[in-house]
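Step one of this worksheet: look at the structure below.
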Amino acid sequence: MKSKLLSSVGVSLGLAAILLCAGTSRAQETKIAAIFTDHMVLQRELPVVIWGSGKSGDTITVKFGGQEASSPVDKELRWQVTLKPMAASAESRELTIHSAGGQTVAKITDVLVGEVWIASGQSNMELPLKSTKNSLPNDDHTLRLFKVAHNASPKPVRELEGKWEDSTGGTAGGFSAVGFYFGRDLRKALNVPVGVIESSWGGTPGRAWTPRDMLQTVPSMKIQIADLDKAIASYNPAAVEKQYQETVEKVKVAIEKAKAEGTKAPKIPPMPRAPGHVPHNPSALYNGMIAPIVPLTLRGAIWYQGEADSKAASDYRVLFPTLIKSWRQQFGREIPFLFVQIAPHNGMSPEIRDAQLYTWRTVPLTSMVVITDHGNAENIHPKEKEPVGARLSLAARAIAYGEKIEYSGPLFDKAEFDNVRAVLSFQHTGTGLVAKGGPLRGFEIAGADGKYVSADAAIEGDKVIVKNEKIADPKSVRFGWANVPDVNLFNKEDLPATPFRTADGK
């Protein structure tokens with residue numbers, strides 16, 4: 001792990017700070033947090049927190065939608081106000097910030113009120129719409145998108161880079177495909193403006209997105225945090241720069257030699273990042289890409305991550321619930337947290353999907369989207385993201401908004417064994433269980449020795465009967481227990497069952 005903490009993944013030591021204001025003329029000392037820009041969406045029906053920085057001793061007043069709220073600038077040069085809950089509105093309005101003397105110091109234009117969600121995770125969340133199967137969308141004035149620029153930081157920062165934009169063929173193309181489809185479907189279902197904030201970075205583990213204080217409660221993370229602290233303390237920028245320049249000179253010589261010989265030339269490597277700015281380090285992306293958004297008022301989060309933790313699935317059982325808990329603490333509410341189970345792929349073990357299932361079962365106000373029918377054994381980035389966004393939207397409508405709809409495929413509930421067979425019961429059967437495209441596939445059964453063999457399975461009413469004539473006294477069943485599961489149990493709502501095992505850990 002220690003070598004990973006010191007790995008080189010880019011040139012920049014972090015994004016430069018940008019102005020935290022939007023609008024026209026304003027006093028230089030007073031700023032509004034960078035998440036507030038023209039074309040943004042404020043969360044409806046909840047108290048809305050607005051904050052920024054200013055000159056000590058000043059008093060800041062925020063005006064929006066007929067409301068006014070004031071706050072003094074504290075000793076840390078921060079101010080924060082809370083607006084009363086507002087109804088959804090697609091009317092374009094201004095939000096203004098005023099100093100104690102009544103001077104307008106910031107103006108945010110074209111502000112809507114609706115639903116705000118954050119979309120985070122690694123590369124399958126980051127995969128842009130333009131890289132997926134479908135064509136780019138039509139313009140939608142009531143769907144707004146904010147893409148947070150990459151920034152890994154050793155400590156929580158206030159700054160971030162990004163801006164709110166209307167969803168158009170031009171802006172949506174570079175935005176998270178999953179985030180776009182989720183927002184689009186949610187906007188259509190709710191008929192209110194929707195804002196989606198994408199904060200994602202490919203190849204990153206769960207620890208990078210978890211704040212340090214909570215990460216320290218996870219036993220498997222303590223050594224990694226200690227290694228990072230040592231690496232930061234011993235980091236010598238001058239020595240690293242010198243070694244890097246020596247490497248560059250050697251590569252330049254190799255390039256000239258390759259040109260002379262007509263062979264493929266090597267590339268000059270990127271400058272190593274300082275240890276605290278490596279994106280897979282503990283808390284680095286929470287510090288740089290989530291902390292600047294806190295304490296924004298939002299409805300909930302969607303999450304697509306876990307590939308980077310697939311080799312440590314048992315640790316992820318602790319880490320992932322801790323991450324969710326930490327975000328809820330930071331945003332000050334038990335926000336719904338909806339996540340995507342890892343798609344079928346040759347390199348993704350069933351244990352990581354089981355760790356995600358464990359989180360769904362044990363953490364309230366969560367839901368897991370199953371996509372066993374939309375994976376690619378050879379490509380870790382399956383291109384079909386529209387069904388993923390659609391299923392996340394269904395989960396949001398049920399979990400966050402209380403709609404009485406079926407939002408999940410069959411979820412294993414309990415097993416009963418009668419010496420020759422297993423009788424399995426499920427939750428989320430919808431209007432009925434179905435075997436899609438032929439007899440049920442993907443079931444295995446084991447006796448007391450714990451050795452699994454393929455099993456025959458059939459639907460009987462709302463149950464699934466599993467048996468194998470060679471197993472006279474079955475003790476456990478598992479389903480879809482493979483890197484690339486071949487499964488076809490669905491409900492009639494066309495939602496697939498999650499892989500599972502009846503005996504946890506066996």
Filter segment 188-217 for residues that are hydrophobic (A, V, I, L, M, F, W, C) and open to solvent by 10 Å² or more (accessible area, probe 1.4 Å); which is nearest to ASN124 (Cα to Cα)?
-> TRP201
Residue list for segment 350-384, restricted to those being part of a loop (DSSP other than H, G, I, E, B), touching a Lys or Arg at 6+ places or on another chain (Cβ under 8 Å) and among the polar types (S, T, N, Q) | ASN376
Within segment 429-468, of all residues that are closer than 17 Å to PRO496 by Cβ, among the small types (Gly, Ala, Ser) and surrounded by fewer than 19 Cβ atoms within 10 Å (Cβ to Cβ), the one farthest from the chain's Cα centre (by Cα) is GLY438
Qualifying strands (runs of 3 or more DSSP E) (wholly inside segment 54-112; at least 1 residues being under 22 Å from LYS163 (Cβ atoms), open to solvent by less than 20 Å² (accessible area, probe 1.4 Å) and not hydroxyl-bearing (Ser, Thr, Tyr)) | 59-64, 78-83, 89-98
Long-range neighbours under 7 Å by Cβ, at least six apart or interchain, first residue more than 22 Å from HIS141 (Cα to Cα) within segment 63-91, second of a type in the set (Gly, Ala, Ser) and open to solvent by 40 Å² or more (accessible area, probe 1.4 Å) = VAL73/SER56; VAL73/GLY57; LYS75/SER56; LEU77/SER56; VAL81/SER70
Could you list, in sequence order, all residues of segment 36-91 that are aliphatic (A, V, I, L, M) and either touching a Cys at 6+ places or on another chain (Cβ under 7 Å) or under 20 Å from VAL105 (Cβ atoms) (or both)?
-> MET40, LEU42, VAL48, VAL49, ILE50, ILE60, VAL62, ALA69, VAL73, LEU77, VAL81, LEU83
Counting only residues that are open to solvent by 30 Å² or more (accessible area, probe 1.4 Å) and among the polar types (S, T, N, Q), which one in segment 419-428 is modelled with the lowest pLDDT?
-> ASN419
Would you kindly identify the strands (runs of 3 or more DSSP E) lying entirely within segment 392-462 that contain at least 2 residues that are under 16 Å from VAL370 (Cβ atoms)?
-> 411-417, 422-427, 433-435
For segment 302-309, state whether one or more residues are in a helix (DSSP H, G or I), hydrophobic (A, V, I, L, M, F, W, C), surrounded by 19 or more Cβ atoms within 10 Å (Cβ to Cβ) and at pLDDT 95 or above.
-> yes
Cross-chain or 6+ apart pairs with Cβ under 6 Å, segment 320-347 first and open to solvent by 10 Å² or more (accessible area, probe 1.4 Å), then basic (Lys, Arg) and not in a loop (DSSP other than H, G, I, E, B) | GLU334/ARG328
Residue ID - farthest from ALA274 (Cα to Cα), chosen from residues in segment 231-259 that are among the β-branched types (Val, Ile, Thr) and open to solvent by less than 70 Å² (accessible area, probe 1.4 Å) = ILE255
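The values are calculated or read from the model by the stated rules, or taken from the named source; none is laboratory data. Note that the coordinates shown come from a computational prediction; the quantities given were computed from them, not determined experimentally. With ideal geometry, Cβ positions are generated from the backbone for all residues, glycine too; neighbour counts draw on all protein chains shown. When the accessible area is computed, the model is the full protein with side chains, heavy atoms only, and any ligands, DNA or RNA have been set aside. Shrake-Rupley method; radii C 1.70, N 1.55, O 1.52, S 1.80 Å.
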